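Single-structure report; data block below.
Nothing in this text is a laboratory measurement; each read-out follows from the coordinates by a stated rule. Since this is a predicted model, take the numbers as computed values, not measurements. All Cβ positions, even for glycine, are placed from backbone atoms using ideal geometry, and neighbour counts span all protein chains on display.
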Amino acid sequence: MDSDIRNAFWNALDDSPFVMMRLSEAGSHSQPMTVMLDRNAHHTVWFFMHQSSTLAVEAQAEVDFSSSGHKLFAALSGQLHREQDRAVLERLWSNKVEAWFPGGKTDPTLALMRFEITKAEVWTADITLAGLFDLFTGIAIKPDQAGKHAVGLL
């Protein structure tokens, strides 16, 4: 994947780490989740959730993301795994997470899930000045006027 698009994605996700996640199986519905980022991890993000969540399973999953300014969109596919490394939990833990788990890091309802991204599709929505003119005058916007699109690993 183009490094500019990759960097734009990670920066947008860092700025607004809210996504919709669902299991890949038919009939699964999306749920809002907050991404935990580790900039040193490649193709991987984490989610704190309750053990009772339908997402707290080792399974294929899909994540949809829209940046806060609607300038970038992404569709991610990957595998959910229960994170067993206590050091990762310690590194990602924050007061914001503790607000959801008042029992702290040893809360028996806590699950930390690792999402390993196997496929990503990213779109940037950065309409050029010429594209805006075409848009407002009803002229068809050319793909190079609307933004970029990339498929691959992040």
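Local charge for Gly152 was computed over the other residues whose Cβ lies under 12 Å away, with Lys and Arg +1 and Asp and Glu -1, and equals 0.
Ordering Trp93, Leu72, Leu112 by the projection of their Cα atoms onto the charge dipole of segment 67-115, which places +1 on the Cβ of Lys and Arg and -1 on the Cβ of Asp and Glu, puts Leu72 at the extreme positive end. Cα to Cα, under 12 Å, and not fewer than 8 places away if on the same chain: which aspartates and glutamates meet these conditions relative to Lys105? Within reach: Glu90. Given their separation in residues at 0.36 nm each and the Cα-Cα distance between them, Ala59 and Ser16 gain 13.0 nm when the chain is fully extended. Its Cα centre serving as origin, the chain has a Cβ charge dipole (Lys and Arg +1, Asp and Glu -1) of approximately 140 debye.
Rounded to the nearest whole Hz, the Karplus-based 3J(HN,Hα) values (6.51 cos²θ - 1.76 cosθ + 1.60, θ = phi - 60°) of segment 25-31 follow the sequence 5, 4, x, 6, 9, 6, 10, with x at glycine and proline. Which of Gln51, Met21, Pro102 sits closest to the plus end of the dipole of the chain, meaning its Cα is farthest towards the positive end, when Lys and Arg get +1 and Asp and Glu get -1 on the C-beta? Of the candidates, Pro102 comes out farthest on the positive side. Here the calculated FRET efficiency for Ser24 and Thr106, from their Cβ-Cβ distance with R0 = 25 Å, stands at 0.20, rounded to the nearest 0.05.
Translational diffusion coefficient of segment 20-78 (Stokes-Einstein, Kirkwood radius from Cα pairs, 10 °C, 1.306 mPa s): 126 µm²/s. What is the sum of charges around Thr44, taking Lys and Arg as +1, Asp and Glu as -1, for the other residues whose C-beta is under 9 Å from the C-beta of Thr44? Local charge sum for Thr44: -1. Rounded to the nearest 20 debye, the dipole size of segment 5-69 about its Cα centre is 80 debye, using +1 on the Cβ of Lys and Arg and -1 on the Cβ of Asp and Glu.
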